[in-house]
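Every read-out reported here was derived from the displayed coordinates using simple, explicitly stated rules and does not represent laboratory data. Predicted model only: the values in this text are computed from it and were never measured. For neighbour counting, all protein chains shown are included, and Cβ atoms are generated from backbone atoms with ideal geometry for every residue, glycine included.
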Amino acid sequence: MADWIRLPRSMFDWDWFDKPEMLSLFLYLLNNAKEKEVKHDGIVEQRGQFLTSLGKLSTIIGAGKQVVRTCLSKLVKMQLIEVSTERLYSIITICNYDNYLADKADKPKNEPKEKENVKPAEEAPKEDKPKKTKEEIAAATEKRKKKFGQELVPYVATYGKDMIRKFYDYWSETNKSKTRMRCETEKTWDLNLRLQNWARRNKDFGTKQSGTALHDSENKDYNEGGW
């Protein structure tokens, strides 16, 4: 097995991140997926696959079979895994398996043993960059706010203008120095997932609200001030 497993930062935005059984199951599958093809008893496990059973997974993570079955269904729905079920076993395939492996490039390289007669490169004198004025900083932030608003246009048809407006107003709010928007202070940012979570927390939000679908080329309800 590899010494390290990579995990995406967007994982912290997943709906089930606060569910211990989901997290335990996903990490267990990642850790036990085969790094190379394995054959035994006439069964072939390809790279990124893991042969198991519902009962075994239930015992490993300490949850009932129905809970495990639900967890697997959610992972499949998010396109994180694929499940092939046979009579006596199931084969779990990790989607994009190589993305979770830490390769050699991630490990620190050994420095050369001999350092004699190696002259350090002379550093070029650093030029002092002119400091931006408050007006320039605010203008740059406003430009990013407009871009953020444009990115939300395609979602109006799905979530409705009212929800998108509230979402935009909240996440585009700037700090006192006008240097960053609220969304830019987040460690991770996945617009699609953020909108899904926002809609889920909005009690008055239905699957689709009435509204006119806007295409990228017709931003009729978006102006410099927002939605």
Item to check | Sequence-distant residues sharing a close amide H with residue 81 (under 5 Å, placed H) | outcome: 76, 95
Checklist outcome for this item: Residues whose modelled amide H sits under 5 Å from the amide H of residue 33, counting only those 5 or more places away in sequence or on another chain, are none
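Which of the trypsin sites (Lys or Arg not before Pro) found in the stretch 2-62 are in a DSSP loop and have at most 13 neighbouring Cβ atoms, other than their own, within 10 Å?
Filter output for the stretch 2-62: 6, 36.
Quick check on my link table: of 131/187; 36/65; 39/77; 19/187; 134/176; 36/77, which ones sit more than 18 Å apart, alpha carbon to alpha carbon? Provide the component values of the computation, followed by the final result.
Details: 131/187 26 Å; 36/65 29 Å; 39/77 29 Å; 19/187 21 Å; 134/176 11 Å; 36/77 26 Å.
Beyond 18 Å: 131/187; 36/65; 39/77; 19/187; 36/77.
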Checklist entry - For the stretch 57-73, in order, what is each residue's ³J(HN,Hα) by Karplus, 6.51 cos²θ - 1.76 cosθ + 1.60 with θ = phi - 60°, in whole Hz (x at glycine and Pro)? => result 5, 4, 5, 4, 8, x, 9, x, 4, 5, 5, 5, 4, 5, 4, 4, 4
Item to check | Value of relative contact order over the stretch 134-204, rounded to a whole percent, pairs C-alpha under 8 Å and six or more apart | outcome: 30
Checklist entry - Do any trypsin sites (Lys or Arg not before Pro) in the stretch 133-200 lie in a DSSP loop with no more than 11 other beta carbon atoms within 10 Å, and if so, which? => result 176, 187
Item to check | Low-density loop positions, chymotrypsin sites (Phe, Trp or Tyr not before Pro), the stretch 1-50 - DSSP coil, at most 14 other Cβ in 10 Å | outcome: 4, 17
Item to check | Sequence-distant residues sharing a close amide H with residue 6 (under 5 Å, placed H) | outcome: 101, 102
